[in-house]
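Provided herewith is a single structure, encoded as structure tokens, for subsequent inquiry.
The values are calculated or read from the model by the stated rules, or taken from the named source; none is laboratory data. In this text, all values refer to a predicted model and were calculated from it rather than measured experimentally. Methodologically, a virtual Cβ is constructed for each residue, glycine included, from the backbone with ideal geometry; neighbour enumeration extends over all protein chains shown. Surface accessibility is based on the protein's heavy atoms, side chains included, excluding ligands, DNA and RNA. Shrake-Rupley method; radii C 1.70, N 1.55, O 1.52, S 1.80 Å.
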Amino acid sequence: MQYGYSVQGDSQMVLDAEDVVHAHELAFFDWDATTGQNAMPSLLSSTNWFVEQTHWTKKIIYTQTGWPTNANVWQPNSPNAVASVESAKAFYNLLDGACEQLKGITPQGGVGWFWHIWEDAMLDGWGLLDWNSNPKWNFAPRTGC
């Protein structure tokens, strides 16, 4: 989400000073969000903004990413956004399945990512684990591609 970098005006000085871009990619909040499996256009649009602003010279890490399993904390901006375990798992599968595509985006190693919230006790609906510390799905991302 380039919003955090652009809301205050010119962010080029910050982007130029960073060795690695730490991008928040929360496609659930996009105005046209639907499900986790359909989030790639949003991810690529935002990522391309970072790539262009940094002239293809920086590695990008999605340091805040995920998809909620409920909307108890924050409501989506799209009436069609689905907060569910199925949609969150689909978003994870989307990221994991796009490893080669994401790594190839810049010559500096492309895009890496990690899931932002470990368990729902930290932020309801956003964790990999539910309130009883049970995995919501088998989270076993690839470590290389």
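Rundown of residues vs (1) at pLDDT below 90; (2) touching a helix residue (DSSP H, G or I) at 6+ places or on another chain (Cβ under 9 Å); (3) surrounded by fewer than 17 Cβ atoms within 10 Å (Cβ to Cβ); (4) closer than 19 Å to Cys99 by Cβ, yes/no style:
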| site | (1), (2), (3), (4) |
| --- | --- |
| Ala17 | yes, no, yes, no |
| Val20 | no, no, yes, yes |
| Glu25 | no, yes, no, yes |
| Asp30 | no, yes, no, no |
| Thr35 | no, yes, no, no |
| Leu44 | no, yes, yes, yes |
| Val51 | no, no, no, yes |
| Ile60 | no, yes, no, yes |
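Then there is this: Return yes when Gln64 is touching a strand residue (DSSP E or B) at 6+ places or on another chain (Cβ under 7 Å), open to solvent by 20 Å² or more (accessible area, probe 1.4 Å), within 27 Å of Asp10 (Cα to Cα) and not charged (D, E, K, R) and no when it is not.
Values: touching a strand residue (DSSP E or B) at 6+ places or on another chain (Cβ under 7 Å): yes; open to solvent by 20 Å² or more (accessible area, probe 1.4 Å): yes; within 27 Å of Asp10 (Cα to Cα): yes; not charged (D, E, K, R): yes.
Yes, satisfied.
If you don't mind, there's one more thing I want to ask. Cβ-Cβ under 6 Å, sequence separation 6+ or interchain: first residue in the range 95-115 and in contact (Cβ under 8 Å) with a residue 12 or more places away in the chain, partner surrounded by fewer than 18 Cβ atoms within 10 Å (Cβ to Cβ) and of a type in the set (Phe, Trp, Tyr). Which pairs?
Thr106/Trp56
Can you find a residue that is surrounded by 14 or more Cβ atoms within 10 Å (Cβ to Cβ), over 24 Å from Asp130 (Cα atoms), among the hydrophobic types (A, V, I, L, M, F, W, C) and in contact with an Asp or Glu (Cβ under 8 Å, 6 or more places away or on another chain) anywhere in the range 8-15? Before the answer, list the steps.
The initial filter retains those residues of the range 8-15 that are surrounded by 14 or more Cβ atoms within 10 Å (Cβ to Cβ), namely 11, 15.
Checking the rest, the ones that are also over 24 Å from Asp130 (Cα atoms) come to 11, 15.
Restricting the remaining residues to those that are among the hydrophobic types (A, V, I, L, M, F, W, C) gives 15.
Okay, now just the ones that are also in contact with an Asp or Glu (Cβ under 8 Å, 6 or more places away or on another chain), so none.
There is no residue in the range 8-15 that is surrounded by 14 or more Cβ atoms within 10 Å (Cβ to Cβ), over 24 Å from Asp130 (Cα atoms), among the hydrophobic types (A, V, I, L, M, F, W, C) and in contact with an Asp or Glu (Cβ under 8 Å, 6 or more places away or on another chain).
Then there is this: Given the criteria more than 18 Å from the chain's Cα centre (by Cα), open to solvent by 50 Å² or more (accessible area, probe 1.4 Å) and either of a type in the set (Val, Ile, Thr) or under 30 Å from Gly9 (Cβ atoms) (or both), does His116 qualify?
Details: more than 18 Å from the chain's Cα centre (by Cα): no; open to solvent by 50 Å² or more (accessible area, probe 1.4 Å): yes; either of a type in the set (Val, Ile, Thr) or under 30 Å from Gly9 (Cβ atoms) (or both): yes.
For His116, the condition - more than 18 Å from the chain's Cα centre (by Cα), open to solvent by 50 Å² or more (accessible area, probe 1.4 Å) and either of a type in the set (Val, Ile, Thr) or under 30 Å from Gly9 (Cβ atoms) (or both) - is not met.
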